[in-house]
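A quick write-up on the structure given underneath.
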Amino acid sequence: MGGGRIMIKSKKLLIAVDGSPHSLKAVSYVALNYAAVNPRINLMYVMSTAPQAFWDFEKGGFFKRKMRAKYTEWKKNEETAAEAFLDEARKLMLQANFKEEDINIIQRERLAGIARDIISESSEGYDALVLGRRGSSSIEDLFPGSVSYKIAQGVENTPVWVIGGDISLRKMLLAVDGSENCRRAVDYVGTFAAATGAEITLFSVVRDFKLQLLDVYTPRGEEIEIKLLEEVEKDIGSMFDSYRKRLEQAGVKGTRISIKHKLRSQTRAGDILEEASKGNYGALIIGRRGLSAIQELPLGQVATKVLHRAKGTAVWIVP
């Protein structure tokens, strides 16, 4: 294909929508950026259950009949609104040259819960679950207890894309370390970057290390510290070489791959977010768990902080 893009195996994407503007932006993100991936799209709308008053049928006959009629009206309105929104989303995909036969609608009532229903569907062989957030400056929908937070924490084996705003930039920032999770993230991103012609920056942030038993202000201490830093930079260089090779094998041109690193970071999540903001990246990709992730947490600490604080970018969390 022209422009350095190559054809890849078709991807299967699940886009969770709820009738809100921010969920429509998730649809737009895929439509604007990933038609080249030839994806099969499932647009999923899980309708809320009725307000509690509609279920209160223990009262007398008149009240019961009146509430049943109200419930029927409410349910019909919900279904009509969902259908209209899904039609709008489908048209967005078609305008971006997606094939009609590749767009499927999943509209159903809530079963186990909105988040649980979406998580359950995401386990059916999807390459990504895509959802929106309420805005580039708001994390309200990522507070504990929210649907988005539950999904981000609960989806373990499918990559999750959280879309924060109107995003058309194809530059990708891939936060890397030496973990197996990160190697999988490199391979995963490579297929999308190769198909879209996106630029990728590999960014490594090394936490500040403390030499507890060593006085670094003595000549001997300074010498040991310098040697340690040299070894760290050597390891980072080898890691970058390995990841660059994997990306090139996936079809990403070497001229589209750049590398950056920061040593002695005081806050890895903060430095990743700063680079994402300054570099005007359209997507920030991070592994679900890195080298130091606490295994008891569903989502690693750095990934959680990045997800909560990212503004104006898409955050991809890769398992």
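Within segment 124-147, being at negative phi, modelled with pLDDT of 95 or more and exposed (fewer than 13 other Cβ atoms within 10 Å of the Cβ) holds for one residue alone: Glu124. In segment 78-94 there is no residue that is modelled with pLDDT of 80 or more, in a helix (DSSP H, G or I), charged (D, E, K, R) and within 18 Å of Ile317 (Cβ to Cβ).
The residue of segment 145-170 that is nearest to the chain's Cα centre (by Cα), among those that are under 18 Å from Val46 (Cα atoms) and in a helix (DSSP H, G or I), is Ala152.
Take the residues in segment 19-40 that are part of a loop (DSSP other than H, G, I, E, B) and more than 17 Å from the chain's Cα centre (by Cα), then tell me which one is modelled with the lowest pLDDT. Here the residue is Asn38. Return yes or no: is Leu43 assigned by TED's automatic domain parsing to the domain that holds Glu121 and at pLDDT 95 or above? Considered against the rule, which asks whether it is assigned by TED's automatic domain parsing to the domain that holds Glu121 and at pLDDT 95 or above, Leu43 comes out as yes. Being touching a helix residue (DSSP H, G or I) at 6+ places or on another chain (Cβ under 9 Å) and modelled with pLDDT of 95 or more holds for only one residue in Leu297, Leu284, and it is Leu284. I'd like to verify a number: residues in segment 159-198 that are of a type in the set (Val, Ile, Thr) and over 17 Å from Lys260 (Cβ atoms), how many? Adding up the residues that qualify gives 6.
The values are calculated or read from the model by the stated rules, or taken from the named source; none is laboratory data. What you are looking at is a predicted structure, and each value in this text was computed from that prediction instead of being measured. With ideal geometry, Cβ positions are generated from the backbone for all residues, glycine too; neighbour counts draw on all protein chains shown.
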